[in-house]
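The values are calculated or read from the model by the stated rules, or taken from the named source; none is laboratory data. Here the structure is a predicted model, which is why all the values come from computation and not from measurement. Cβ: placed from backbone, ideal geometry, glycine included. Neighbour counts: every protein chain shown. Only protein heavy atoms, including side chains, enter the accessible area calculation; ligands, DNA and RNA are left aside. Shrake-Rupley method; radii C 1.70, N 1.55, O 1.52, S 1.80 Å.
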Amino acid sequence: SILNEEPFGSLEGDVDLQFLLVGGKLMKVKSSSWKKERMYKLHDDNATIWHESHRIFKRKQTFSIDDVDSVRKGRQSEGLQKHTEAHVEDRCFSIFFKGRRRNLDLVATSVEEARQWVNGLEKIISNMKKLNRQQTSEHWIFNCMRKADKNKDNMMTLKELKHFLRQINIEVDETYAKLLFTKCDTSNSGTLEGSEIKHFYDLLTHREEIDVIYEKHAATGGQMSAQDLLNFLRNEQREEATLEDALRLIEKYELDDSAKHMNHMTKDGFLMYLQQEEGSIFNPAHKKVFQDMSQPINDYFISSSHNTYLMEDQLKGPSSTEAYIKALMKSCRCVELDCWDGAHGEPVIYHGHTLTSKVLFKDVIKAIKEYAFKTSEYPVILSLENHCTLEQQKLMAKHMISILGSALLTSPLEDQMPTAFPSPQELKGRFIIKGKRLNKLDAVFSNTSPGVEEDCVSEEDEAAETNNSKTDTNGQKKSKIKLAKQLSDLVIYCKSVHFSGFEHAKDNQAFYEMSSFKESKAVNLAETAAKAFIHHNMTKLSRIYPAGSRTASSNYNPVPLWNAGCQIVALNFQTPSKEMDLNQGRFRSNGLSGYILKPEFQRYAGSEFNPMTLTKGPWIKHKAFHIMVISAQQLPKLNKDKPKSIVDPLVKVEIYGVPADTCSKETRSIENNGFNPMWNDVPLCRLNVLTPCGMMFLSAGFNPMWNDVPLTRF
């Protein structure tokens with residue numbers, strides 16, 4: 001039956017897969033007192049895990065493999081480290097999920113069973129990642145068909161068909177549903193089975209809009225020749241393609257051997273190509289590091305996280321090493337550590353004076369060490385917000401030195417006092433500490449006495465704001481903390497200082513002295529003194545952080561701060577939002593390095609660029625974007641808990657950049673169809689931009705309420 005087709009043919013007969021299909025008992029670990037055996041097994045669809053639950057009102061006893069981010073063998077989660085003994089290490093594994101869902105900690109009955117669970121799950125995850133878009137689409141549709149087949153007889157009644165259509169986000173009236181059913185029920189049996197279900201699937205997935213595009217360009221006997229395909233690549237896709245590129249695509253994606261022999265591409269091959277990475281608007285050359293990485297580090301925008309330790313809100317949400325791992329794996333290059341005195345002499349990280357949970361400082365450093373350079377090899381900045389007493393500060397320094405080892409930057413790269421920042425290239429694989437320092441950096445090269453072992457310094461600006469510190473008559477923070485020399489000496493290129501104005505910074509601050517700005521102050525400066533802010537950032541680093549009033553860990557728009565040349569624009573990575581989409585769009589290119597070179601007009605001293613009042617200059621490069629919204633497929637429901645809810649999607653296209661370029665357009669909504677809505681009749685939308693060079697983003701989202709649609713950066 002088509003409903004039982006194997007989505008992962010390459011795993012057929014695999015021993016580990018067969019083991020998962022049979023399943024077995026695993027101990028689920030929640031705490032030291034909550035450890036319970038539960039049955040787990042892989043569903044017949046090879047894409048869903050079923051698990052036993054003793055909760056009376058438990059709605060769902062399954063989770064999709066597609067929701068799994070990774071599987072880690074051993075006691076690698078905080079829960080397993082805290083609630084299990086070391087001798088069960090080889091029987092432990094954890095399943096980590098995408099988004100905010102908490103990880104699942106499990107203990108197998110034997111080392112061999114743990115190995116089979118981990119190997120089996122990793123094989124399925126790997127296979128799912130290898131599926132192309134068409135295969136993923138087919139797998140999803142057939143999975144929905146299986147769910148609609150309530151009595152599991154591999155046939156579909158009219159009632160089951162209507163249930164299936166609602167599952168895939170289509171609402172049809174009774175008459176149309178009957179018409180569709182009757183058209184496919186060629187045996188007049190009152191059910192669809194075998195080839196009838198295949199016919200129904202073909203009708204459902206027919207792409208009329210692709211027919212229009214294909215027929216427009218298929219000028220050779222009803223098919224696309226290599227030259228026709230090349231014309232499409234050049235004129236429609238705007239690629240600098242050659243005939244060899246067109247022939248390569250035909251060889252790779254054409255399914256019909258006779259067409260391939262003639263160097264032709266059929267409609268099926270064309271659709272296959274459009275659903276691959278080669279059909280994406282994203283420039284494939286930008287998947288790798290393509291920018292000059294030898295400029296001073298302040299010449300780059302740096303992907304940065306705020307309150308990195310939090311998984312949720314900043315009032316009562318959990319703190320976790322997993323939050324650091326997720327941020328680093330997204331190529332975040334600046335993470336925040338909010339450090340406080342902990343029990344038993346060990347410093348902890350949490351959001352002070354709140355109900356957020358605590359995580360050991362040393363555990364965070366271990367996690368950072370392990371995951372810092374898996375996605376990007378470029379430097380990671382550890383932004384310390386230090387609230388600890390002297391003894392625990394010394395322990396912080398000791399942990400960082402012992403755990404991070406030679407990767408920790410403890411002195412300037414040069415043999416003499418530097419006058420500018422080193423480059424990301426020079427700092428590859430290194431950790432840079434941002435924090436307070438007792439003296440000037442040139443003390444590193446001084447032969448005089450080492451100086452005081454401790455002294456008072458002003459608090460970090462963000463910490464002082466959090467603590468509602470009083471100010472003196474000059475507006476300077478009064479709050480002081482004692483700083484240990486051992487911690488101070490680890491601060492090399494990122495010494496925190498209070499900001500007292502651009503002129504004061506120009507006359508008094510060394511290049512390595514940097515300030516942090518809360519969002520309201522930074523936005524005000526970006527609006528009223530943008531040119532001065534840009535020139536300040538040509539020689540120094542600036543860090544921006546969200547307002548303390550954002551207790552739900554919401555985010556602010558980073559674009560105005562990037563427009564002002566600010567490098568470290570820190571966002572709450574744990575909160576899915578349009579602002580985080582912008583951040584991911586900004587840092588998607590350049591090989592996911594976490595570093596994006598600023599436009600030249602934000603780097604050279606003579607620049608007159610001001611994003612608020614554009615004047616003639618090299619930044620003005622007028623471009624017109626012509627956009628036609630054609631169609632969408634398989635959009636998510638707004639409310640997954642209401643299976644009968646159907647979306648009425650519209651597409652909103654927005655440009656984020658300098659104020660003169662910021663605009664948005666939206667299509668009409670398509671009623672009752674989130675499966676395959678079409679806007680083919682909508683005329684082209686023209687968007688004019690003045691400063692596209694590194695300063696313009698275009699986003700397309702379905703319905704303003706949806707935040708999970710990725711952005712594409714041009």
For this session: Taking 7 Å along the Cα-to-C-beta vector as the label spot, tell me the Ser554-Arg38 distance in nanometres, rounded to one decimal.
Result: 3.4
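Hey, could you grab the Kirkwood Rh for the stretch 394-434? Inverse mean 1/r over distinct alpha carbon pairs, Å, one decimal.
On the way: mean 1/r = 0.0874 Å⁻¹.
Taking every pair of different Cα atoms in the stretch 394-434, averaging 1/r and inverting gives 11.4 Å.
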Seminar exercise, completed: Whole-Hz Karplus couplings 3J(HN,Hα) for the stretch 380-393, θ = phi - 60° and coefficients 6.51, -1.76, 1.60, Gly and Pro as x, run 10, 9, 9, 8, 8, 10, 9, 10, 8, 6, 4, 4, 6, 5
Exercise. If amide H atoms are built 1.01 Å from N in the plane of the peptide, which residues on other chains or at least 5 residues away come under 5 Å of the amide H of Tyr300?
Worked result: Lys598
Problem set entry | Contour minus Cα-Cα distance for Gln237 and Ser31 (0.36 nm per residue) | 68.7 nm
Seminar exercise, completed: Reviewing [x] -0.30, -0.43, -0.59, -0.95; [y] -0.39, -0.53, -0.67, -0.92; [z] -0.28, -0.40, -0.53, -0.82, the figure for log10 I(q)/I(0) by the Debye sum over Cα atoms at q = 0.05, 0.06, 0.07, 0.09 Å⁻¹ actually calculated from this model sits under [x]
Exercise. Which FRET efficiency, nearest 0.05, do Ser126 and Ala443 yield, Cβ-Cβ r, R0 56 Å?
Worked result: 0.60
Exercise. Which order do Lys288, Lys652, Lys358 take when ranked by solvent-accessible area (1.4 Å probe, heavy atoms of all protein chains), largest first?
Worked result: Lys288, Lys358, Lys652
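Which order do you get for Phe499, Phe625, Phe445 if you rank them by accessible area with a 1.4 Å probe, largest at the top? The partial results should precede the final answer.
Numbers: Phe499 15, Phe625 45, Phe445 70 Å².
Ranked from most to least accessible, the order is Phe445, Phe625, Phe499.
Among residues other than Met155 whose Cβ falls under 10 Å from its Cβ, what is the net charge (Lys/Arg +1, Asp/Glu -1)?
Once all neighbours under 10 Å are counted, the net charge is -4.
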Seminar exercise, completed: For Glu385, the residues 5 or more places away or on another chain with a placed amide H closer than 5 Å to its own amide H are Leu337, Asp338, Cys339
Exercise. Where the accessible area of the stretch 147-240 is counted over protein heavy atoms with a 1.4 Å probe, how much of it, in %, is carbon and sulfur?
Worked result: 49
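On the accessible surface of the stretch 332-402, probed at 1.4 Å, how many percent belong to carbon and sulfur atoms?
On the way: 1410 of 2630 Å².
Solvent-exposed carbon and sulfur of the stretch 332-402 make up 54 percent of the total.
Report, to the nearest whole %, how much of the accessible area of the stretch 270-329 belongs to carbon and sulfur atoms, 1.4 Å probe, protein only. Please report the intermediate quantities before stating the final value.
On the way: 1220 of 2090 Å².
With neighbouring chains kept in place, the figure for the stretch 270-329 is 58 percent.
Given Lys506/Lys578; Lys178/Lys652; Lys41/Lys198; Lys162/Lys267; Lys36/Lys73, which pairs have Cα atoms separated by over 23 Å? Write out the running numbers ahead of the final one.
Numbers: Lys506/Lys578 35 Å; Lys178/Lys652 34 Å; Lys41/Lys198 29 Å; Lys162/Lys267 30 Å; Lys36/Lys73 19 Å.
Cα-Cα > 23 Å for Lys506/Lys578; Lys178/Lys652; Lys41/Lys198; Lys162/Lys267; rest within.
Which net charge results when you count Lys and Arg as +1 and Asp and Glu as -1 among the other residues whose beta-carbon is under 11 Å from that of Phe573?
Working: positive: Lys326, Lys330; negative: Glu336, Glu579.
With Lys, Arg at +1 and Asp, Glu at -1, the net is 0.
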For this session: Could you compute the FRET efficiency for Thr220 and Asn688, with r as their C-beta to C-beta distance and R0 at 41 Å, rounded to 0.05?
Result: 0.65
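List the equivalent ellipsoid semi-axes of the stretch 67-223 in whole Å, largest first, each obtained as the square root of 5λ for an eigenvalue λ of the Cα gyration tensor.
Details: eigenvalues 388, 95, 39 Å².
Semi-axis lengths for the stretch 67-223 are 44, 22, 14 Å.
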For this session: Working with all protein chains in place, sort Phe270, Phe373 by solvent-accessible area computed with a 1.4 Å probe, largest first.
Result: Phe373, Phe270
Exercise. Among 509-515, 28-34, what's the highest-first ranking by average C-beta atoms within 10 angstrom per residue?
Worked result: 509-515, 28-34
Exercise. Karplus couplings for the stretch 210-227 from phi (6.51 cos²θ - 1.76 cosθ + 1.60, θ = phi - 60°), rounded to Hz, Gly and Pro as x?
Worked result: 6, 4, 4, 5, 4, 5, 5, 10, 7, 9, 10, x, x, 10, 8, 7, 4, 5
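For the cross-link pairs Lys28/Lys369; Lys436/Lys482; Lys326/Lys398; Lys434/Lys485; Lys398/Lys434; Lys28/Lys129, which exceed 18 Å when the distance is taken from alpha carbon to alpha carbon? Numbers along the way, then the final one.
Numbers: Lys28/Lys369 28 Å; Lys436/Lys482 10 Å; Lys326/Lys398 25 Å; Lys434/Lys485 15 Å; Lys398/Lys434 16 Å; Lys28/Lys129 27 Å.
Violating the 18 Å Cα-Cα cut-off are Lys28/Lys369; Lys326/Lys398; Lys28/Lys129.
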Problem set entry | Helix-only mean residue ellipticity at 222 nm for the chain, each DSSP H run of n ≥ 4 adding -39500 (n - 2.57), per residue, nearest 500 | -8500 deg cm²/dmol
Exercise. Which value does Rg/Rh take for the stretch 291-399 over its C-alpha atoms, Rh per Kirkwood?
Worked result: 1.00
Problem set entry | Per-pair calculated FRET efficiency, R0 = 25 Å: Thr354 and Glu391 via Cβ, rounded to 0.05 | 0.55
Problem set entry | Sum of side-chain charges, Lys540 neighbourhood, beta-carbon under 10 Å (Lys, Arg +1; Asp, Glu -1) | 0
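Per residue, how much accessible surface does the chain expose to a 1.4 Å probe? Answer in Å², no decimals. Show your work: numbers first, answer last.
On the way: 33190 Å² over 714 residues.
Using a 1.4 Å probe on heavy atoms only, each residue of the chain averages 46 Å².
For the stretch 23-117, divide the Cα radius of gyration by the Kirkwood radius and give the resulting Rg/Rh value with two decimals.
Values: Rg = 12.9 Å, Rh = 13.7 Å.
Expressed as Rg/Rh, it is 0.94.
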